[in-house]
Amino acid sequence: MNQKKLQDRLLLGACAALCVYFLLIGPIIQLVKLTWTQWDILVDFEVFYKAGMKAFQHHTVYDVTDHWQYKYSPLIAYLFGATISQLNFSQAQMVFTVGLALLCPLLLLWVLNSFERDVFKDLKLSLLKKMGLVLLFYGNSYLLELRFGQVNLIPFALLFGFFTLYSKTSPSDKPAVHWIKLIAMATLWSLAIQIKLYSAIIGGFLLFRKEFKLIALTLIVTFGLEFLLLSQFHDWQFTVSENWAWIKTLTASSKTLLPTGNNGSLLGLMSREPYIQEVAGPVWIALLLGYLWIQYQVRNVHPLVNFALNLLAILLLNPLVWNYWTIFSAPAFLIVMHSLPEQPFKKQNLWVKLTLLLLFLNHILLFTKVSRRYGHPVAHFLLFVVFMQILLKETDGFRRLRDYLLPGRFRDLPSGT
C-alpha cells in the first residue's frame, strides 16, 4: 500500500471516529448524565418548558424579568405547552435531547448533500470527510447545544429549508405550485423568526431580490399564526397583550447583557474594551451598513450561498451572541474549505491559515472565558473576510468557484419570484 492510500485511509478513519464520538457517544453521555440526580438540569430548556406550562394554562409567559426570561413568541410557548410540557420535566429533558440528537446528523447530511449537488457540483471531498471536517471544528458547539437544551438547530433547519425551497422556485412554476411554495417559505421564515429573532436577517436578501410579495406574505402568515390561530386557544385580548409583551421583552435584558464576558458578538467585544467603548455604536452601525452593501452585491449569488452568508452575519451583527452559536458559521466554513487550493496548509494564504487556526482554537477552547470574550468574534470576523474574498475577488481560482455559485439560471433569473 502506497503512502497516499495509507494517509487517505487514516483520514477516513479519523473522520469516522469524529462522527461516532460527536453524533453517538457525546449525545449518549449527555442522556446518561440527565439520569443522575446530582446532575444540573438543561438550564435553557427549563425556560421553554416552564413557559409552555404557563401558556397552556393561559398565564402570561413574560412575567420573568431576570436573565432567564422567555424571549420567544407566544405561539412557540403554546406549542411547547401542548407538546413537550405535557411530560414531567425529567421525561421532557430526555425527549428533547433525543430529538436534537436525531435532528443534528439529519440536518448535517441535508446541508452537505445540498451543497454538493447545488453549489460545489464536484466530489472534491467525500461525504465522510466533509462530516469529519465540520465536526472537527463545530462538534463542541453542538454538544454545548445539547448540554444547555437550546433550540438554535431548529431555526437553522427552518432557514435552510427556506433557502432550499427558494432555490427551486421560479416564475415559470404553475400558479398553484408557485403559491404553495410561497406560503411554505413564508411559514418557514415566520416560524424561524418566532423562535429566534435573528432569523429576520434574511430580510435584506429578500428586499434586494425585490421579493416584496414573499415579505408581505410572511407578515400575513405571522399575523395569522400569532393572532388568529393563537386566539383560538386564548381569548383575543390575552393574545394581543402577550404579543405586545413579546415585543417589549425582546430588548428588555439586552442592554445589561451586552458588555458581559459571555457575549461573543462584535458589538459586545467593542462595548467592554476601554479604548473603543465610545465608538462601539457608530462602528456597529457602519458594519450593518457595510453588510447591507455586501448583501446587495451578492444578491443574485446562489440562494444556498446567501444562506451561508446570512448565518455567518448573525454571529457578527447580532448584539447578543453566545458561544454555542458557532455552528452557524459551518456553511460558510464549508464553502471556504472547498475553495482552497489543493496544497499543504503551510502554503495557504496567511489570512486563511490564521482564520482556520483561530476557528480550531475557538472550538477547542469553546468552554473558556477567553473564547467567549475574544476567540468567538475575532475568529468569525476573519472567516467573514475570507468568505468575502471568495465571493468578490476576481482571481482565476475565485472566478471558477464563482461560476459554481452563480450558474446561468441564477444570472438570468428576474428579481422576484
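Identification of helices (runs of 4 or more DSSP H) wholly contained in the range 83-195 with 3 or more residues that are open to solvent by 50 Å² or more (accessible area, probe 1.4 Å) yields 89-115, 127-148, 175-195.
Taking the condition closer than 30 Å to GLU226 by Cα, polar (S, T, N, Q) and open to solvent by 30 Å² or more (accessible area, probe 1.4 Å), does ASN306 pass? No; evaluated as a whole, the condition is false for this residue. Within the range 1-15, not a single residue is open to solvent by 40 Å² or more (accessible area, probe 1.4 Å) and more than 30 Å from LEU125 (Cβ to Cβ).
Do we have any residue at all in the range 276-295 that's part of a loop (DSSP other than H, G, I, E, B) and open to solvent by less than 30 Å² (accessible area, probe 1.4 Å)? Let's see the steps before the verdict.
At the first step, the residues of the range 276-295 found to be part of a loop (DSSP other than H, G, I, E, B) are 276.
Still in the running and open to solvent by less than 30 Å² (accessible area, probe 1.4 Å): none.
For the range 276-295, residues part of a loop (DSSP other than H, G, I, E, B) and open to solvent by less than 30 Å² (accessible area, probe 1.4 Å): absent.
Sub-7 Å Cβ pairs linking a first residue in the range 363-385 that is polar (S, T, N, Q) to a second residue that is surrounded by fewer than 20 Cβ atoms within 10 Å (Cβ to Cβ), at least 6 apart or interchain, are SER371/LEU365, ordered by first then second residue.
Can PHE387 be described as open to solvent by 40 Å² or more (accessible area, probe 1.4 Å), within 21 Å of the chain's Cα centre (by Cα), closer than 30 Å to ARG117 by Cβ and at pLDDT 80 or above? No; evaluated as a whole, the condition is false for this residue. The residues of the range 327-378 that are among the hydrophobic types (A, V, I, L, M, F, W, C), in contact with a Phe, Trp or Tyr (Cβ under 8 Å, 6 or more places away or on another chain) and either modelled with pLDDT of 85 or more or within 15 Å of ALA308 (Cβ to Cβ) (or both), listed by number, are ILE327, PHE328, ALA330, ALA332, PHE333, LEU334, ILE335, VAL336, LEU356, LEU359, PHE360. Please go through the range 298-314 and pick out each residue that is under 9 Å from PRO331 (Cβ atoms) and either part of a loop (DSSP other than H, G, I, E, B) or in contact with an Asp or Glu (Cβ under 9 Å, 6 or more places away or on another chain) (or both). Matches in the range 298-314: LEU304 only.
Report, by residue number, each residue of the range 241-264 that is farther than 30 Å from VAL370 by Cβ and surrounded by 16 or more Cβ atoms within 10 Å (Cβ to Cβ). Reasoning before the result, please.
To start, the set of residues in the range 241-264 that are farther than 30 Å from VAL370 by Cβ comprises 241-249.
Hits for the range 241-264 are GLU242, ASN243, ALA245, TRP246, THR249.
Flag: TYR49 does not match the condition of being within 23 Å of the chain's Cα centre (by Cα) and open to solvent by 50 Å² or more (accessible area, probe 1.4 Å). All conditions but one from (1) farther than 30 Å from LEU109 by Cα; (2) free of Cβ contacts under 8 Å to residues at least 24 places away in the same chain; (3) surrounded by fewer than 15 Cβ atoms within 10 Å (Cβ to Cβ) apply to ILE25; the one that does not is (1).
From the set of residues in the range 361-380 that are within 22 Å of PRO274 (Cβ to Cβ) and of a type in the set (A, V, I, L, M), which is farthest from the chain's Cα centre (by Cα)? Ranking the qualifying residues of the range 361-380, first place goes to VAL370.
The values are calculated or read from the model by the stated rules, or taken from the named source; none is laboratory data. The shown structure was predicted, so the numbers you read here are calculated from the model rather than taken from an experiment. We place every Cβ from the backbone using ideal geometry, glycine too, and count neighbours over all the protein chains shown. Ligands, DNA and RNA are excluded from the accessible area calculation, which covers all protein heavy atoms including side chains. Shrake-Rupley method; radii C 1.70, N 1.55, O 1.52, S 1.80 Å.
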